[in-house]
Amino acid sequence: MLENIRLAFRGIWSHKMRSFLTMLGIIIGIAAIIAIVSTIRGTNEQIKNNLVGSGNNTVKVQLSQGGYALDISDASSIPSNIPMVTEDTLENIKAIDTVESVTAYNSRMVYDKIYYKDNSISELYIYGIDDSYFSTCSYMVRTGREFSQDDYTKFRTVMILDTKAANGLFGDENPLGKVVELSGVPFTVVGVVQEKRIFEPQINSIDDYYTYNSSDKHGFIYIPKADWPIVYDYDEPENVVVKAASTDDMTDAGKKTASILNRRIRDLSSDSSDTIKYSAEDLLEQAQSLQQLSSTTNMQLIWIAGISLLVGGIGVMNIMLVSVTERTSEIGLKKALGARKRTILGQFLTEAAVLTSLGGLLGVAAGIGFAYIIHHVSGVAVAIDVPASIIAVAFSMVIGIVFGFLPSVQAANLDPIEALRRE
């Protein structure tokens, strides 16, 4: 085998231009496929990061009705017979193998009940949270502090705002220590939080803006869950946020969490709540749908690029037939000296495989170069797929074996006497 490979390289080197032109179809085909696969993978990763995030991995499991999230704005919109999320329920959710952490929270949409002196803001979300909410949701305190244990046990009326709510109420004024009136109850601001954004969505067009950019223009105010009955007089149904162990586990974690919560509704609630259920906000599934659409479109380009591989294979077959004709006397001499058919067959198949494998390697290098050129010219995200590159080289070797088989068989079947007679 090593001798055959050495002879193959010597033959390729002795006819450099002819060998390069023979490999050109393979090079172009492999380069096109690698460039397309790299842009597909890069685009898919961009879609996944833009929708899901990198390192966040949180899934909201919310009460929904008719396929839409159920927003509570007043007492009349509170669903009946929905059980509270107990500590036992949270422990069952934590036991899910794809869940890293979980938190339950109350939420309401408030329109006109937030005041600071003469300033007021509307259309805010009020969240009643426990001490694990910020860590689960990957929020960090920008100024001030988080809620302390005493805030929960002593029912202190304190609040934390996000940056939108803080800017809306206080502008450039420092919000810490200020008193905000929430539903007639004075709350002291102790902190301002923001999400730990590891990336920002790449907005390259108006379609990207509407697809990826947050449509949520509302601010958020957070109070200790223990204070919820102080503001709204009674307990209300809760939603849940789970943090998955990895991005790929988000769908599984969300669905299993919703299943546990919905099972409690069926067990403890009357038939009137059947239309209300917990649903996971499956951003990963949405990302996968967009990825599938992108991949389906680009697969057509891969098939078109595959045509050049077919042309390249035909070129390999043609040049191998020429090589057999040129080396007829050499083949006859080897057979006269006792070389078997399989020896001659192996030599020519090895030469064809080496020729196309070199073309594959050059094609991979060219494809990676083309991918980065596309990235710099058009801004399309790219990600080099190492397994795809290895498969491409292996596939180019298979092309050499397939299309080199007929010339190799022809060389192996030459009659040694007739071959030597052509000297």
Residue list for the stretch 138-177, restricted to those being touching a residue at least 60 places away in the same chain (Cβ under 8 Å) and touching a Lys or Arg at 6+ places or on another chain (Cβ under 7 Å)
Ser138
Across (1) open to solvent by less than 10 Å² (accessible area, probe 1.4 Å); (2) among the small types (Gly, Ala, Ser); (3) without any contact (Cβ under 8 Å) to a residue 40 or more places away in the chain, Ser135 clears everything bar (1)
I need the full set of residues from the stretch 220-267 which are in contact with a strand residue (DSSP E or B) (Cβ under 6 Å, 6 or more places away or on another chain), within 16 Å of Ile96 (Cα to Cα) and outside any helix (DSSP H, G or I), in order please.
Val240, Val241, Val242, Lys243, Ala245
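For every residue, the table says whether it meets (1) hydroxyl-bearing (Ser, Thr, Tyr); (2) under 17 Å from Asn262 (Cβ atoms); (3) without any contact (Cβ under 8 Å) to a residue 24 or more places away in the chain.
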| site | (1), (2), (3) |
| --- | --- |
| Ser80 | yes, yes, no |
| Pro83 | no, yes, no |
| Ile93 | no, yes, no |
| Lys113 | no, no, no |
| Ile121 | no, no, no |
Looking at the structure I just gave you, is Leu176 open to solvent by 50 Å² or more (accessible area, probe 1.4 Å), more than 30 Å from Leu90 (Cα to Cα) and not polar (S, T, N, Q)?
yes
Taking Ser122, is it at pLDDT below 90, under 27 Å from Ser101 (Cα atoms) and of a type in the set (S, T, N, Q)?
no
State which residue pairs qualify: first residue farther than 25 Å from Leu310 by Cα and part of a loop (DSSP other than H, G, I, E, B) and inside the stretch 356-385, second residue open to solvent by 50 Å² or more (accessible area, probe 1.4 Å) and of a type in the set (Phe, Trp, Tyr) in any location, beta carbons under 9 Å apart, and separation of 6 or more residues or different chains.
Val382/Tyr372
Looking at Phe348, is it modelled with pLDDT under 75 and crowded, with 20+ Cβ neighbours inside 10 Å?
yes
Determine if the stretch 69-79 includes at least one residue that is modelled with pLDDT of 80 or more, open to solvent by 50 Å² or more (accessible area, probe 1.4 Å), in contact with a strand residue (DSSP E or B) (Cβ under 8 Å, 6 or more places away or on another chain) and not aliphatic (A, V, I, L, M).
no
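The values are calculated or read from the model by the stated rules, or taken from the named source; none is laboratory data. Computed from a predicted structure; not experimentally measured. So basically every Cβ, Gly included, is an ideal-geometry build from the backbone, and we count neighbours across all protein chains shown. Ligands, DNA and RNA are stripped out before the accessible areas are found, and what is left, the full protein with its side chains, is counted by its heavy atoms. Shrake-Rupley method; radii C 1.70, N 1.55, O 1.52, S 1.80 Å.
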